[in-house]
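The block underneath contains the structure these notes are about, expressed in structure tokens.
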Amino acid sequence: MVLKGYPLPEQLTTQSGAALQVRPLAASDIADVMALEARVQTHPWRRSSYEDCLNGRHHCWTVHNEGRLVGFVVVAWAGGDGELLNIAVAPEKQRHGVGKALLELALEQIKPFASMLFLEVRVSNTQAITFYEREQFFEVGHRPNYYPANGGREDALILARQLS
Ligand SMILES: CC(C)(COP(=O)(O)OP(=O)(O)OC[C@H]1O[C@@H](n2cnc3c(N)ncnc32)[C@H](O)[C@@H]1OP(=O)(O)O)[C@@H](O)C(=O)NCCC(=O)NCCS
């Protein structure tokens, strides 16, 4: 799907001044994206979830720095609500503003289509919860036993942020 009226910026700059090249996920990026996610998530996505970004069901944008993939974000929207489905930054690039830049990119792209952005996060993922709270997300729900976890299941928090 082409996002009319909201062209994708070719480049973002983090607060610390690093240049990030932005592009929509291509089939040739999927192996790198999966490898990055496997470094930061205990239960990374299957390939088919990324392939949904190629057929327009989801939307994924990657950011590269000096030719290397350093992060990506995946969103979807329907009926006026947006959903942040995934976001990840390479471990060695975390805490340099890449996550914030990815989130801001996603917010800009979603704004024409949604007034709220929702997401689910593992209750144990204090790093991401701190990140989202800092970015004006608030808790709107709790799903017991939502995620598979090592040795059992884990609850999800549902967070939301107003877009308009
Ligand atoms: C969540 C994630 C995307 C954040 O990316 P990032 O590039 O590190 O985030 P930023 O550098 O933009 O951080 C912005 C702010 O969020 C907060 N924050 C981010 N990571 C944090 C951490 N590990 N501990 C505490 N606060 C943190 C801080 O307030 C930070 O600002 P500061 O560095 O000036 O203090 C990254 O930690 C990640 O990839 N995590 C693994 C994947 C994941 O859990 N994704 C979420 C799935 S729901």
Counting only DSSP beta bridges fully inside the chain, the antiparallel percentage to nearest 5 is 90
Scoring region 11-162 by relative contact order with C-alpha pairs under 8 Å, at least six apart, yields a percentage of 18
For region 122-164 the GluC sites (Glu not before Pro) that pass both the DSSP coil test and the at-most-16 other-Cβ-within-10 Å test are 135
In debye to the nearest 20, the charge dipole size for the chain, taken about the Cα centre with +1 at each Lys and Arg Cβ and -1 at each Asp and Glu Cβ, equals 60
The chain accessible area per residue, 1.4 Å probe, protein heavy atoms, integer Å², reads 54
Total charge of the residues flanking residue 66 in space, meaning their Cβ is under 13 Å from its Cβ, with Lys and Arg +1 and Asp and Glu -1, is +1
In terms of the alpha carbon gyration tensor, root eigenvalues a ≥ b ≥ c, rounded if a/c is under 1.5 and otherwise prolate when a/b exceeds b/c or oblate, region 15-164 is rounded
At the level of C-alpha centres, the distance separating region 103-164 and region 12-89, in angstrom, is 16
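Just reorder 34, 116 by solvent-accessible area, largest first, 1.4 Å probe, all chains present.
Ranked list, largest accessible area first: 34, 116.
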Checking 147, 132, 50 against a Gaussian network model of the chain (alpha-carbon springs below 10 Å), the top fluctuating residue turns out to be 147
If each K or R counts +1 and each D or E counts -1, the residues other than residue 159 whose Cβ falls under 10 Å of its Cβ total -3
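The values are calculated or read from the model by the stated rules, or taken from the named source; none is laboratory data. Please read all numbers here as calculations on a predicted model, not as lab measurements. As a convention, Cβ positions derive from the backbone with ideal geometry for all residues, glycine included, and neighbour counts pool all protein chains shown. These accessible areas exclude ligands, DNA and RNA; they are computed on the full protein's heavy atoms, side chains included. Shrake-Rupley method; radii C 1.70, N 1.55, O 1.52, S 1.80 Å.
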